[in-house]
Amino acid sequence: MADRTTARHTSTTPATGYGRVSTETMKSIVDAHGKRRSFWQQLALIGPAFVAGAWQFGPGNLTTAVQAGSGYQYALIWVIVVSTILMIFLTDMSVRLGIKSPVSLIASIKEHLGRWVGVLAGIGIFLITLCFSVGNAVGSGLGLSMLFGGNPVMWTVICTVAVAALLLLRNVYRVIEKVLVAIVALMAIAFIVSAFVSNPDWAAAAGGLVPTFPEGSWLLIVALVGTNFSINAAFYTSYGTKERGRTESDYRDVTVVDTIPGIVAPGVMTALVIVVAAAVLGKTGEAAPTIVALAGIFEPLAGPIGSTVFALGFFGAAFSSMIANATAGGTMLSDGLGRGASSSSPTAKVISGGILAFGVIVTLIFQTSPVQLIVIAQAFTIFVAPVLAALIIIMANRRRLMGEMRNRWWQNVLGVIGLAAVLALSVRLLLTLIGA
């Protein structure tokens, strides 16, 4: 009895244990408050969310944004704002999962929810990356063709080879992360300049923040949500967080310098593309069903420099998404199959190469990718998104896994709103397809 009493009252840290704050959590809190990172140290935390943003902001995103601006002027800007807010909260959950999980997210799902659930998650994301691969391949080729001339298919092959070479590097994730952060910065400059050169009606653009549902816009709304509320990209953020070795003491700074700006950046750029399309088409009265057509109409207003800046932004979006898409698809299918959760694993590299090959082969066979097919492919991702969103929310609430970093009630509310939104859009898309 005496021995048991002595053992029971052996103490380590004051106010820890016995249902209070754990020793580990107390240490991380002390470390977090004890360290003040310099500006450059905070910048070093930038990465995983920008990779997610680069994957999210691809040619499909731009194509749907151009259609939104050309078809409905500024009316659908609100869709981007709402989906960006929801995307921030889902990405934040994924970041916390990457910090707290001792293994990868899919491995944790297998442990907590069953092996088959994790396998299906890996396969589902892989299928999404196959859908995206064609648009990325075509978009990167088109972008370079707009900049330098020549056959877009030739440029597609060159871009695919360049990405494949990146994937062969030893420390693949770190290199890719640096490349994508630089490209996102370049795209931001390109689209901000394009927006101001096009001289839009900013008052009308502000009016687009009020939710409206123009007649015939439902499929486009679904596609906009499917591209901007990219739950597969949010899901992958946990992998980048894990590869970068983020800790609980990093969480606050990571949120400020990476999670929020990394997700807001593609949302702002998408909204700017809608603004450019609406402004350019409003002045010329022409229709622009494609990015190439938009750049052609843009030139009389802004001159060759203006259209070149816009084309540069488009290439950056396609090429960065091509890199992130192949890396994420390879990593998560490899993890789902139990063959390694790192982008540097042999299985992940082989699968990533297969994704790239699929995109370029389809491009070579069909030579073109009609805009409407890209929109439909983007919309189809909505069918997988509810499953991924549900998994993120469920895992972020596991007390045994998350401890003090599990979801708070308000995070769950916003997560459930996002889940309900993608579920409703999935039903709406299904009914639309059945009706068609």
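The values are calculated or read from the model by the stated rules, or taken from the named source; none is laboratory data. Not measured: the values here are computed from a predicted model. To get the accessible areas, we keep the full protein, side chains included, count just its heavy atoms, and leave off ligands, DNA and RNA. Shrake-Rupley method; radii C 1.70, N 1.55, O 1.52, S 1.80 Å.
Below are the figures for this structure:
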quantity: Heavy atoms of residue 426: accessible area, 1.4 Å probe, square angstrom to 10; calculated: 10 Å²
quantity: Relative compactness, segment 43-180, computed as alpha-carbon Rg over 2.2 N^0.38 Å; calculated: 1.26
quantity: Between segment 321-341 and segment 49-68, the alpha-carbon center distance in angstrom; calculated: 19 Å
quantity: Proportion of all alpha-carbon pairs of segment 142-282 beyond 24 Å (%); calculated: 51 percent
quantity: Accessible surface, 1.4 Å probe, highest first, among residues 202, 218, 409, 78; calculated: 409, 202, 218, 78
quantity: Å² per residue, accessible surface of segment 134-206 at 1.4 Å; calculated: 46 Å²
